[in-house]
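The values are calculated or read from the model by the stated rules, or taken from the named source; none is laboratory data. From a predicted model like this one, the values you see are computed outputs, not experimental measurements. Backbone-built Cβ (ideal geometry, glycine too); neighbour counts: all protein chains shown.
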Amino acid sequence: MSPAQVWHMLQGSVLSWFEVETLNRKEYIDLIKECAAQGWAGGRIYDAIHIHLARKTQCSRMYTFNVPHFRQMAPDLADRIMAP
């Protein structure tokens, strides 16, 4: 799919089901500090952001194609992390 097709699909049938949440400055700094302490880099930082926001918003479910990886990073959320 092209980026334009993906955007059209997201806009038309996905985004209406979600709220956008952000990190404030302190949360972002604390999260980067935690990632550095854990030795996490690259894509793990993005995963850590998703995990942090799931905790912050008390998500009932997190969907990922990499369930074992997310459960290893967030064992406290293991029962909420699942494949789509």
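Restricting region 12-37 to residues that are β-branched (V, I, T) and in a loop (DSSP other than H, G, I, E, B) leaves a set whose member that is farthest from K56 (Cα to Cα) is V14. Close Cβ contacts (under 7 Å, 6 or more residues apart or on different chains) running from residues in region 43-57 that are among the polar types (S, T, N, Q) to residues that are surrounded by fewer than 15 Cβ atoms within 10 Å (Cβ to Cβ) comprise T57/E21.
Listed here are the residues, each with its yes/no results for (1) in contact with a strand residue (DSSP E or B) (Cβ under 9 Å, 6 or more places away or on another chain); (2) surrounded by 13 or more Cβ atoms within 10 Å (Cβ to Cβ); (3) at pLDDT 95 or above.
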{"position": "L15", "(1), (2), (3)": "no, no, no"}
{"position": "I29", "(1), (2), (3)": "no, no, yes"}
{"position": "A37", "(1), (2), (3)": "no, no, yes"}
{"position": "A41", "(1), (2), (3)": "no, no, no"}
{"position": "V67", "(1), (2), (3)": "yes, yes, yes"}
{"position": "F70", "(1), (2), (3)": "yes, yes, yes"}
{"position": "L77", "(1), (2), (3)": "yes, yes, yes"}
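Out of region 38-73, which residues are farther than 25 Å from P84 by Cβ and assigned to a helix (DSSP H, G or I)?
Q38
Please enumerate the residues belonging to region 1-11 that are aliphatic (A, V, I, L, M) and part of a loop (DSSP other than H, G, I, E, B). Write out each step before concluding.
Step one: filter region 1-11 for residues aliphatic (A, V, I, L, M), giving 1, 4, 6, 9-10.
Of everything in region 1-11, just one residue is aliphatic (A, V, I, L, M) and part of a loop (DSSP other than H, G, I, E, B), namely M1.
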